[in-house]
Each structure stands twice: as C-alpha cells, then as structure tokens.
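Structure below; questions to follow.
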Amino acid sequence: MEWEIVNVLYREITYKRLKANPQLSMDWNKFMKAFKRSGSLKRTLLSQSALFFFLSLTLVPGVYYVKNPSGSAVIYASYCMLPLIMALYGTAVTAQYAVSLGLFEPLLSLPVRVGGKYLSVMLLITQLPSVLFLLAPAVALSLKLGPAAGVLGFAWALMGTMLGHTLGLLIYDRFGKASGGKFSGLKTAFKAFGILLVMSLFYGLNYLQRYVASHYETLKGVFERYSVVYPFSVSTVEKPLLSLGLLAVYGLVIGVVYVSTVRRLWRRISEGTATERRGGKARLSLHSPALALALKDFKIATRNTALLTGLLMPVVVIIPSLAGALKSGSRDSALGFVLAVGWTSTIAIDAVLKIDGRAFEVLHSLPLNLRAFLRGKLITMTAVPVTAGLLAVLGLSLRNPSSLKVLPLALLLPVATAGTTLTIFYWGIGEVALPQTTWKKMLLALFANGLIIGATAGLWYVEWSLSLPFMLLVDALLLWHLNR
Amino acid sequence: MIEVEDLFKVFGSKTAVKGISFTVKDGEIYGLLGPNGSGKSTTLRILAGIIPPTRGKVLVEGVNVAENPLEVKRITGYIPETPLLYESLTPMEFFSFVGSIREVPRAELEERVSRLVKAFGIEEYLGELIGTLSFGTQQKVSIIAGLLHDPKALILDEAINGLDPKSARIMKELLNRFKEEGKSIVFSTHILAVAEALCDRVGIIYNGEIIAEGTPEQLKEFVHEESLEDVFLKLTESQEEVSSLVRALREAF
C-alpha cells in the first residue's frame, strides 16, 4: 500500500512537471510519450541507477591508483560530498515543488495514515540511485584496504544521502515559504549559487581528485583532526571499529532529527502553509512591452528552480574555459572564454521557451506582436551570458589589461548567437507562438552560430579590430530582421 | 458593437461552431447560454481575437477579428472561466506586466488598479504569489487585469462563477456601469439567474448553433415557461433527461 502511494505521488509530480512544459502539453502524443517514459518510478530508478553506476566507474582510478593506502580513504571521503549535496539540494527543492503543487491534498481526505513520510520516501527513493555513484569506488576501496573498509565506505555514502535528505527537509521546513518574503533576493542568490554548485559538481570532483592526490600529506592531517565531521569521518574506514561507532552515533542523531522534522513538516502540509505578506511594498512598474516580457521572465525564472537552472546552464558549461582563461591570463584565452559564452547562448533557447509554461495563453490574450515578443526573448536569452561574459572579461583585465579589447565582443556575440537561434526557431512563424524545438533546428542553430563564432575568431587573429565591425553588422542585421 | 455573421470554427474533424450569427449593440449586455461543449468558449475566444475563425465574419467595434486580431485584443477585455495568470508573479507584478504590454499610461493604470483592487477587496494579497491565492481571489485578479485598459468591448467566459456574493454584486454593478458608458458586453454563464437579471438579450447555443435568441421575457413567453432555467432545459432538450436523472437519484438514495 505504501509503495502504491509513493508510486502515485511520483506519477502525479511527473505528470505536473511535464504538463508545465508548454512544448509537451500542447502536443498530446508527445506528452504521452514523455509521460510513459518518465512516469514509471521503477523505470526511472533503474535507468538512473545504471547511469550513476556507469559514472562511478570513472572514479575508480582515483581511489585505486593512489600510492599510499590511506590516500585512498581520503580521496573516497572527498567523493562522499556528492551524495550529501545531491540529497540536500534535491530534497529542499523538490519538497517545495511537490507541496506547492498540492500533491498531498487528495490524500488528506482519505482514511490512510498519512504522514510526511510519504513526501520523504518519495524524495529519498529518487535520490538513492546517486549513492551508486560511490559503489565502484567503494569496491576499489575494499580491494585496497580490505572488505570492511569497502562496506563501511558504502555505508557512509548512504549515511551522506540520509544526512543530506534530513538537512534538506529541515531547510524546507524552516525556509520553504511559498511567497518571496523579506529576504527573497537573498534566497534567490542562494538558490542560484546552489544550482551552480550542484551543476558544477562533476568539474569539482575532477579537480578535487587531482588536488587531493597532489596535496595528500597536508590533507591527511586535516581529515584526522576533523574525523568526527562528515565527510572527513569517512576516512576512518581504515579503523573499522571507530568508523562503525561514528556511523552509529550519526545514525542515532540523524534518526531523531529526521523523525521530528517529518512530523513537523506533515503538520505544516496538512494544516496549510502560512505565507508571508508583503502588503504595502507592492508597486506598479511600467516598461516597454519587450522589457516587460523579459522582466516577467526573470521574475518567474528566479522563483522556479528548474527554469533558473536552464538559464544558468550557459554559465556552468563555460566554467572550464573560464578556469583556463584565469590560469593563463592571456588576451587570447579571454577571447576563448567569450567565444564559449557566445556558443552557449544557443542552448538557452530551450529554457527561455519553457518560462511561460501553461500560462503561455496569457500572451495570446494580450495585444503583443511577434516583434516585441522576440525582442523580449532576446533580452532573456542574452542577459545571463552577457553578464557572465562582461564580468569575467573585466575580472581578467585586472590581470591583463589588454583583455579589455574583448569586452565589446562579450556584449555583441551572445546577441548575435541568440538572435540567430531565435531567427531559426521562428522561421516561417508570423505570430506569438511556441515553435517546436526539434533537433534539426537545434543543430542548424549550432551550425550557424559555429560559423559566426568561427568568422569572429578568424577576423580576431587576422586583426583584432576587424571582429568588432563584423559583429556590429551581424547584430544590426539580426535586430533588423527581428523587428520586421 | 460586436457583429458575428455565419461564424464557423473547425478543429480537425470536429465542427465546434456551426454558422452562428448575432449582434451585440453598444450599451447592451448579451448572454450566451449553453451546456458544456456547446461552443460558447470557442465563440468567445474568437471574439477576443485569441483564435481565428475558420469561416464567417466577426467585427468588434468595426475591426475584423480575422484581419486584425491584435487590434481586437487592444480594444477588448477578455476574462476567461479559468483565470489566465502567471502563478509565480504577484498580482501587482502581473498588473504591471499586462499594463506594460497594453501600454496603458502610468497615471491611468495606477488610478484604475487602485480603484479596482479596492472594489474587489484584494489589497492585502497584492504582494503574494498568485499561485498561493484562492481560486476566487485569482478570479478577481483576472477580472482586474481584463479591465486595466478600459476596454471598449468586454468578453466574459463564465467569469462570474468563482466569485463570492459581494464580488459578484460588484461585478454586476461594473457591468451595468460599462453598459451605461455604451460598451458592448458578451458573457456566458451557467448561473441562469444572473443571466436573467443582467442580460438585455440572450442567445441559447446548442451543438455549435444558436437555437433561440431574444430578451429573457421573450424566450419565456415563446416556450411558455416560468424561468430562464426551464427555457434553457426545454430548448436544449434536456428537460426530460434531467427529470429522469432526478428520479433515478431519488430511487438510489
């Protein structure tokens, strides 16, 4: 019965998530196909488990090929940050989403012994596959330090998930108000930071692996000193009794906090959420239709984690090229970074077209023409890449002032690539509508933008000042086309 | 004035609206009554310029809906049955957005929002996310958004249904005031008492066709019934069906 309820809740949250995607909800066949694919909890768990296990194989060399056996435990312990962060973030965000959808309301009137446990189990079960990310490294650990260390290592990974999940519930219970409230700006900043942290986790792990391997001697002392604190505590797997004792203490403390939090949370769900009132602060603000559309998009995106993730994706994709530019400090590496930013503007189209969700119908009822709509979407698409590009180039110029020559491109290139993408996706469409985001169109946009980026880079290397008039010309042509 | 002539709307293999014609004069309230799936909402969405007609002519204040839907959207106010809102915006943010798209001058917008917000009693909710508001409050936000630009014609699709008695009364007062100002108003409702009290003329739509039209009194006289509800049931051939359902229910309990 309990599995049935969790299954129904999972199907319902998946249904609503897919329904909120206008490109799916407007095409019934496409929607049903997507729903059949992701609506089954068993199927999702299996596919995610397979994916995480496959990814876990990439972590094996880091644990197995360390010269000093203790080094394996330290490196494994650093990997244990992953289940903690994923469970914490996944719980805090999805709990808010699930409750805001009214997912539990049908259960409230039924004679089932409902508790926050259904919310907790549904969230926890969907996060468990991420623990498999540590399975292959745990096997490597047992080959290196013995079977007990491997088993304890995997138990610590499970504990990390439980710790992250409990902290996530606690954070949602304490801060998960439905409305913006007094510190909504701060909350958005934290949310954006959390998204960037989770999305850049794989880069981080890669870096961590190399850092721990080269600074092992220094880190060993730190891990020993703080061996009570997770994830440092994981490195105690070399001393099985100590590790087991610590695991028991962690289990007890987390268990008590978990039970009390789940109870409190359920009271909150069943009694309804008291939302913060902002009353008198609400003020009218008028803008041009295009700017109003873009501002509306940002307000919606900053209040929806999935949308904010989509908008921030370009920033995450360019992290390695930013790291490269920071390391070398050369003007050309700054250009490389700006070209990467321009390239990633293309992928923002998907997130930008999802922002209106089911409320896209609102736009149909308003006297909004396609030109203003596209101008608004252009602002939304370019805001993040342009801001990231300008800030990064200004930062790089502190090290190498000649990097400032790249600054105009940081502004103009994302406009060109986003404008080209919009032109391709809206080709032949004469009114405010949602185009189909097919792979064919996406590949065409990537190819066209590849040509623009290639030409810009080519001109830069011939004579850097030539790239600027070229970019201005491309932007002018695109803006003229979008304004026609 | 709103003029509808031989209007057809086809969705795939289904004809939702089958050649209906009616006129709403300036300063007139016209009620479109019909059972679920009869074509009311489709007709009203065409009138608001949201979907194009398949065939026929629709003029709103002289503007052809098929030729210039944007202009029709500019001059009409459309309020749907299910509020069309962005749930993650606050009402004030939503009014700012709609006012910006409609390019309403700031002073006018501020004055209208302040008046309407006070009239519908939603001042305390202006800073909360729309998604957290009750259905009735969301409906009030939707109504205010539809009136922000002082539309020349008003199209309401079951818009009064979700309102509490006080707000329904305010809405009726507003409609009467718009009528006095010479605006054309079309609305659909299931609450026949509201239609009887408000409408100058009523059109009964059934299976995509208007099967009767006139003042509520004319219709009652025509089918020799006491109330508009009986007129509606008789004309839509539902009276016998409803009676047998009521009998079956009584037997069941």
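Please verify whether B:S21 is facing chain A (nearest Cβ under 9 Å) and among the polar types (S, T, N, Q), treating the condition exactly as stated.
no
Do we have B:V141 as within 10 Å of another protein chain (Cβ to nearest Cβ) and at pLDDT 90 or above here?
When the stated conditions are applied, B:V141 does not pass them.
Continuing with the same structure: In the stretch A:265-285, which residues are modelled with pLDDT of 75 or more and farther than 15 Å from A:F104 by Cβ?
Selection gives A:A282, A:R283, A:L284, A:S285.
I've got another one for you. How about the stretch A:23-70: which of its residues are of a type in the set (G, A, S), in a helix (DSSP H, G or I) and more than 30 Å from A:G153 (Cβ to Cβ)?
A:S25, A:A34, A:S38
For the stretch A:380-394, state whether one or more residues are part of a helix (DSSP H, G or I), within 14 Å of another protein chain (Cβ to nearest Cβ) and crowded, with 20+ Cβ neighbours inside 10 Å.
yes
Does B:E103 meet the test of being in a loop (DSSP other than H, G, I, E, B), on the phi > 0 side of the Ramachandran plot and within 14 Å of another protein chain (Cβ to nearest Cβ)?
Yes.
Being open to solvent by 30 Å² or more (accessible area, probe 1.4 Å) and either facing another protein chain (nearest Cβ under 7 Å) or without any contact (Cβ under 8 Å) to a residue 60 or more places away in the chain (or both) is the filter here; which residues of the stretch B:70-87 pass it?
Those that are open to solvent by 30 Å² or more (accessible area, probe 1.4 Å) and either facing another protein chain (nearest Cβ under 7 Å) or without any contact (Cβ under 8 Å) to a residue 60 or more places away in the chain (or both): B:L70, B:E71, B:R74, B:T82, B:L84, B:E87.
With respect to B:E124, determine if the residue is buried (at least 23 other Cβ atoms within 10 Å of the Cβ), within 30 Å of A:G102 (Cα to Cα) and within 7 Å of chain A (Cβ to nearest Cβ).
Answer is no for this residue.
For A:L368, state whether it is within 14 Å of chain B (Cβ to nearest Cβ), buried (at least 22 other Cβ atoms within 10 Å of the Cβ) and within 30 Å of B:H149 (Cα to Cα).
yes
The values are calculated or read from the model by the stated rules, or taken from the named source; none is laboratory data. Values in this document were obtained by computation on a predicted structure and should not be read as measured data. With ideal geometry, Cβ positions are generated from the backbone for all residues, glycine too; neighbour counts draw on all protein chains shown. To get the accessible areas, we keep the full protein, side chains included, count just its heavy atoms, and leave off ligands, DNA and RNA. Shrake-Rupley method; radii C 1.70, N 1.55, O 1.52, S 1.80 Å.
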